[in-house]
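S.K.: This is the structure I want to talk about, given as structure tokens.
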Number of protein chains: 2
Amino acid sequence: MSAGASAINTQWRLASRPTGEVGREHFEVTHSPLPEPGEGEVRVRNLYLLIPPSMRLWMNEKDTYFPAQVLGEVMTGITLGVVESSRDPSLAPGDYVNGLGGCQEWSIAPVGHLQKIQPRPGVPLAAYRSVLDVQGLTAYCGLTEIGKPRAGETLVVTAAAGSVGSLVCQIGKKLGLKVVGIAGGADKCAWLRDECGIENVIDYKHEDVAARLDALCPEGIDIAYENVGGPVMDMIIERLRNKGRVVLCGLVSSYNGGVTQNTASLMQLVNKAARMEGFLVSEYLHRYDEVIATLQDWAADGSLKYRIEVLDGLDKIVEAMTRVFHGKNQGVQLVKIAQEGTQ
Amino acid sequence: MSAGASAINTQWRLASRPTGEVGREHFEVTHSPLPEPGEGEVRVRNLYLLIPPSMRLWMNEKDTYFPAQVLGEVMTGITLGVVESSRDPSLAPGDYVNGLGGCQEWSIAPVGHLQKIQPRPGVPLAAYRSVLDVQGLTAYCGLTEIGKPRAGETLVVTAAAGSVGSLVCQIGKKLGLKVVGIAGGADKCAWLRDECGIENVIDYKHEDVAARLDALCPEGIDIAYENVGGPVMDMIIERLRNKGRVVLCGLVSSYNGGVTQNTASLMQLVNKAARMEGFLVSEYLHRYDEVIATLQDWAADGSLKYRIEVLDGLDKIVEAMTRVFHGKNQGVQLVKIAQEGTQ
């Protein structure tokens, strides 16, 4: 549908805050005429909506890295879209842009709030709002800036089949590291090994992780890229080498509470003068263009593998969020709001 | 007693390995004629023996930072002594030296194994084998090299009345930090406050540590110097500020096992891009002379406070180790082997 003066914008608004899982009843869907962009603004047709695990947290009363979602307002959404009309020379109709377009078909935004992207042949547009975006920056900068890898060192990655973890594994290999990926289940491990080329994979659900780490890292671990926490993190820390580094990117096992680390295991940080450091991608936005360009090169030549799962239509928001909540998504979860080329 | 050709050296040897607490029965005391130093060696009259908590661990079969003590050999001992006769131009009779002289009255050592010290007026000799030695280097370098303090920042120290902790508190104040010391019991807290001048003290045995931290660190914690681990460490980590640093010097609460950290608390390392790093004093021996000279200045002018507890006589080894094992020592524990000036 073309957005003329009479176009109607479908918008998903937060109607009430879920206490447990999100459902259709927590949203109100409205239809309003589309306003025109003002000076310095553009009108964007939203094409893809990213569904990160943290999206559920935005609906709570407590602020996250976004202010808490206001009831009745259009639900916050991390989007990729195409410019339809522009009142600023920096963007032209047909340009693709990343932005916070919200859970709606069209959005109006000042050009300063948007980031122009230049898709390359052979790389799907959806990748530019997932692995070739903040997730890629998180993987690359977390590994290089906090992990400070040197070729030949041993890197262990947890949640290794996840969107960030699988990139860390592959970037680690490209940097000349010996990479060991830890993931849960035969399917994820097979994908890491057969598609991503990570030879050393541990299935924590079906293998003795400590014994496998001993076998795969006989001289210990130089760098750990940690997304999970809990007992496996203890096992990794206990095996750190002198001056080892733990990149703490997330501790997803602890988000519902009740998970602990063995304090005695942390003594290995003392014994080896090792470092555990938290990573916040917001500290590295100045490296965005350079890092994403590198990752695009690898994606375009086929040497960087990733999985994206797309559900079709704004009305799939709840289903998509539920899949992510239960870890059922195979790859980064997105919702397609409109077909590419739709204008 | 002068060490002539006929002098007899009293030596404490390890007779058997204790399984629990150490007792007199684990030592054999022998008396042997004193050998003469060879070329490049000196004969040292041992004056002070340091009793660190780890001394008990040296008696086990497992290596520590020392190789495991051999049964029947003179027990390893960290000593301060005075040179009696020398066959090397670098040391002369009357020079004071630190070394690993063992649990015995005299020792023979190559000069390369000894460190000459130059006591200043007003500073007791025993300080040179305790706070003005590796403990001082541990406090100073741990705080400055790992903590990277900037004036005006907030520093929290655990085991703050201990030999290292109390130095860290005072060095922190000298560097312009706001210092909060956490210690157990009214006596220790009073000493920190009244003698060491640390105004902000928390008695973890009798106060609500979380509430007191909130009150004393309303803007959070920039640096933690951590010696203990366990629940108090969780409370500290939860209050770290952006880019906070945790100097991990020891985790003494965990040495008998069974202590845990809340994994969710560690998320604050991610949320604040904070760093927890282990500190090994052996990495900083190149700074020994410079740092100890600074600490000596402060000790000599009376601005650096410390407590030393001396038991008199080699036959007090077991009592001294037992006091340390039960934390009954008030200050660094030493045994006096001979009177200063005895030759």
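S.K.: Hey, B:Tyr288 hits all of (1) modelled with pLDDT of 95 or more; (2) surrounded by fewer than 19 Cβ atoms within 10 Å (Cβ to Cβ) but one; which does it fall short on?
M.R.: So B:Tyr288 meets the others, but not (1).
S.K.: If the requirement is being under 15 Å from B:Leu167 (Cβ atoms) and acidic (Asp, Glu), which of these qualifies: B:Glu195, B:Glu199?
M.R.: B:Glu195
S.K.: Any residue at all in the range B:273-281 that is of a type in the set (Lys, Arg) and within 13 Å of chain A (Cβ to nearest Cβ)?
M.R.: yes
S.K.: Then there's this: Please state which one of A:Ser265, A:Ser254 is under 19 Å from the mean Cα position of the chain (by Cα) and among the small types (Gly, Ala, Ser).
M.R.: Result of the check over A:Ser265, A:Ser254: A:Ser254.
S.K.: Confirm whether A:Ser253 is modelled with pLDDT under 95, of a type in the set (Ser, Thr, Tyr) and surrounded by 19 or more Cβ atoms within 10 Å (Cβ to Cβ).
M.R.: Yes; evaluated as a whole, the condition is true for this residue.
S.K.: Also, quick follow-up: Condition (residue is without any contact (Cβ under 8 Å) to a residue 24 or more places away in the chain and of a type in the set (Asp, Glu)) applied to the range B:296-307: is it met by at least one residue?
M.R.: yes
Each row is one residue, and each column tells you yes or no for (1) more than 14 Å from every other protein chain (Cβ to nearest Cβ); (2) of a type in the set (A, V, I, L, M, F, W, C); (3) buried (at least 18 other Cβ atoms within 10 Å of the Cβ).
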position	(1), (2), (3)
A:Thr138	no, no, yes
A:Ile171	yes, yes, yes
A:Leu177	yes, yes, yes
A:Ile202	yes, yes, yes
A:Asp234	no, no, yes
A:Arg239	yes, no, yes
A:Leu248	no, yes, yes
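The rows are residues; the columns are (1) of a type in the set (Gly, Ala, Ser); (2) over 23 Å from A:Gln330 (Cα atoms); (3) in contact with a Gly (Cβ under 8 Å, 6 or more places away or on another chain); (4) assigned by TED's automatic domain parsing to the domain that holds A:Met321.
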site: A:Ser32; (1), (2), (3), (4): yes, yes, no, yes
site: A:Glu36; (1), (2), (3), (4): no, yes, no, yes
site: A:Glu41; (1), (2), (3), (4): no, yes, no, yes
site: A:Leu47; (1), (2), (3), (4): no, no, yes, yes
site: A:Leu57; (1), (2), (3), (4): no, no, no, yes
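S.K.: Hey, another quick one. For residues in the range B:271-282 being in a helix (DSSP H, G or I) and in contact (Cβ under 8 Å) with a residue 24 or more places away in the chain, which is surrounded by the fewest Cβ atoms within 10 Å (Cβ to Cβ)?
M.R.: Here the answer is B:Ser282.
S.K.: Criterion first (touching a helix residue (DSSP H, G or I) at 6+ places or on another chain (Cβ under 9 Å), away from chain A (no Cβ under 12 Å) and either within 23 Å of A:Asn242 (Cα to Cα) or of a type outside the set (Ser, Thr, Tyr) (or both)) does B:Tyr225 satisfy it?
M.R.: yes
S.K.: Something else: State all residues of the range A:4-34 that are in a strand (DSSP E or B) and either among the aliphatic types (A, V, I, L, M) or modelled with pLDDT of 95 or more (or both); if no residue qualifies, say none.
M.R.: Correct list: A:Ile8, A:Asn9, A:Thr10, A:Gln11, A:Trp12, A:Arg13, A:Leu14, A:Phe27, A:Glu28, A:Val29, A:Thr30, A:His31.
S.K.: Name, by its number, the condition in (1) out of contact with any helix residue (DSSP H, G or I) (no Cβ under 6 Å at 6 or more places or on another chain); (2) away from every other protein chain (no Cβ under 14 Å); (3) within 29 Å of B:Glu283 (Cα to Cα) that does not hold for B:Val156.
M.R.: (1)
S.K.: Follow-up. Going by the conditions given, is B:Gly102 in a loop (DSSP other than H, G, I, E, B), of a type in the set (Gly, Ala, Ser), in contact (Cβ under 8 Å) with a residue 24 or more places away in the chain and surrounded by 15 or more Cβ atoms within 10 Å (Cβ to Cβ)?
M.R.: So B:Gly102 passes the test.
S.K.: Can I ask one more? Scan the range A:115-135 for residues that are of a type outside the set (Ser, Thr, Tyr) and assigned to a helix (DSSP H, G or I) and report the count.
M.R.: Selection size over the range A:115-135: 6.
S.K.: Something else: Determine whether B:Gly81 is farther than 22 Å from B:Ile337 by Cβ and buried (at least 21 other Cβ atoms within 10 Å of the Cβ).
M.R.: Spelling it out, it is not the case that B:Gly81 is farther than 22 Å from B:Ile337 by Cβ and buried (at least 21 other Cβ atoms within 10 Å of the Cβ).
S.K.: Let me ask something additional. Report the residue count in the range B:58-92 for those that are of a type outside the set (Val, Ile, Thr) and without any contact (Cβ under 8 Å) to a residue 12 or more places away in the chain.
M.R.: Going through the range B:58-92 one residue at a time, the tally reaches 7.
S.K.: Being touching a residue at least 40 places away in the same chain (Cβ under 8 Å) and not in a loop (DSSP other than H, G, I, E, B) is the filter here, so list the residues in the range B:35-57 that pass it.
M.R.: B:Glu41, B:Val42, B:Arg43, B:Val44, B:Arg45, B:Asn46, B:Leu47, B:Tyr48, B:Leu49, B:Leu50, B:Met55, B:Arg56
S.K.: For the range A:254-270, give me each residue that is facing another protein chain (nearest Cβ under 7 Å), polar (S, T, N, Q) and assigned to a helix (DSSP H, G or I).
M.R.: Within the range A:254-270, A:Ser254, A:Thr263 qualify.
The values are calculated or read from the model by the stated rules, or taken from the named source; none is laboratory data. Predicted model, so just to flag it, every value in this text is computed and none were measured. Note that each Cβ is placed from the backbone with ideal geometry, even for glycine, and that neighbours are counted across all protein chains shown.
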